[in-house]
Amino acid sequence: MPGAKPALSALRAQIAALEAGTRTPPPVLPFGDPRIDGCFPGGGLQRGGWHEVGGSGLEEETGAAPAAFTALMLRPLAAQGAVVWVMRRDDLHVPGLVNLGFPAERLIQVRARDEAEVLAVLEDALATVGVAAAIGEAETPDLKAGRRLQLACERRGSTGVLLRRRPYGGPVGKVREVSGSAVQTRWRVAAAPSQPPPGEPGLGPPRWRVDLERCRGGRPGAWILEQAEAADGPHPFRLVSQLADHDVAASEPELRRAG
C-alpha cells in the first residue's frame, strides 16, 4: 500500500516525540493562583478534555452551586466560541449566569429526553465546529461513554463538563464506576457563606467550597473560592481559604492581608 510507509513514519515520529518529552502540552485554563494551579500537571484546568462537577445532598437534585461554579469556570472560554448546555430539566436560570458575568448570547440550551440523549448530544456538541465548551447534566457515565466524550473533546480541542445531577430526584440508582482514566478532573462543589468587604453592609460575592477530588497526573485540593471582583478579568475566581483536613488552614483576616 503506497500510503502505509508515510503513515508508519508519522507514527514513529509521534512515538519518538513522546519518548523525548517534546510533545506540545495541551492548553490549560488557569485559575490565576499557584496554590490552585499547582495541583494540575499543566498549571491549570486542561482544555481539550472533559471534567466532572457534582455536589452532595440536595445539590444532587438542584445542581445550583455546581452549575454556578461551572459557568464561572468556563466563562473565559465563552469569548472563543459557543457554550452548549444540555439538560433534562428546563430550569437553567440564565439571569443568574449573567450576574456571574457569563455572556448569555454565547449560550445554547438543549433539552434532552433522557440521560442517554444528554450524553449523545454532549458528544456531538463537543465535536462541533465553533463550540468552545459543552456542559451536560447527567449521572456518572460508564467507561465507554467517558472514552467517547474524551475522543469528542480531542477532535476539536473543546472542553467538556459533565454536571452530575438527578434533576427529578428519586432514589439513587446503581452507582457506576466513574470512567477512571478518561475524566481529567473530578470536583465536588457546595455553596459557602458570603461575606461583605470589611466595613460594608450586605452580601459579598458568591462563594463556593470546592473539593478537587481527582486530578489526572496531579493532586487533589480543597478551597473556598469566591467570584473575582473584576467581572471581565482573566481569572473569574479569587482564593479565600485553602482547606486542610476539612478545616480552614488560615483565618479570613490573614488571608485577606496575604492576598
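What follows draws every value from the coordinates through simple rules; no lab data is involved. Every value quoted in this text rests on a predicted model; they were computed, and no experiment measured them. Quick reminder, even Gly has a Cβ in these numbers, built from the backbone with ideal geometry, and neighbours come from all protein chains shown.
Each principal axis of segment 26-88 carries a Cα extent, and these read 33, 28, 17 Å when sorted largest first. How big, in percent, is the set of alpha carbon pairs in segment 83-132 lying more than 14 Å apart? Value for segment 83-132: 54 percent of Cα pairs lie more than 14 Å apart. For segment 69-202, the relative contact order is 24 percent, taking Cα pairs closer than 8 Å that sit 6 or more residues apart in sequence and dividing their mean separation by the residue count. Here Ala230 and Glu105 are evaluated by their C-beta separation; at R0 = 30 Å the FRET efficiency comes out at 0.90. Distance between the 7 Å Cα→Cβ label points at Ala120 and Leu151: 1.7 nm.
Extension gain for the segment Gln242 to Lys144, taken as residue separation times 0.36 nm less the Cα-Cα distance, is 31.8 nm to one decimal. Here each label is just a point 7 Å from Cα along the line to Cβ, and for Ser56 and Asp33 those points are 2.1 nm apart. Placing one identical point scatterer on every Cα of segment 65-163 and ignoring solvent, what is log10 I(q)/I(0) from the Debye formula at q = 0.12, 0.14, 0.19, 0.20 Å⁻¹? Reported log10 I(q)/I(0), two decimals: -0.33, -0.46, -0.86, -0.95. A simple charge model with +1 on the Cβ of Lys and Arg, -1 on the Cβ of Asp and Glu and nothing else charged puts the dipole of segment 72-206 at about 320 debye relative to its Cα centre.
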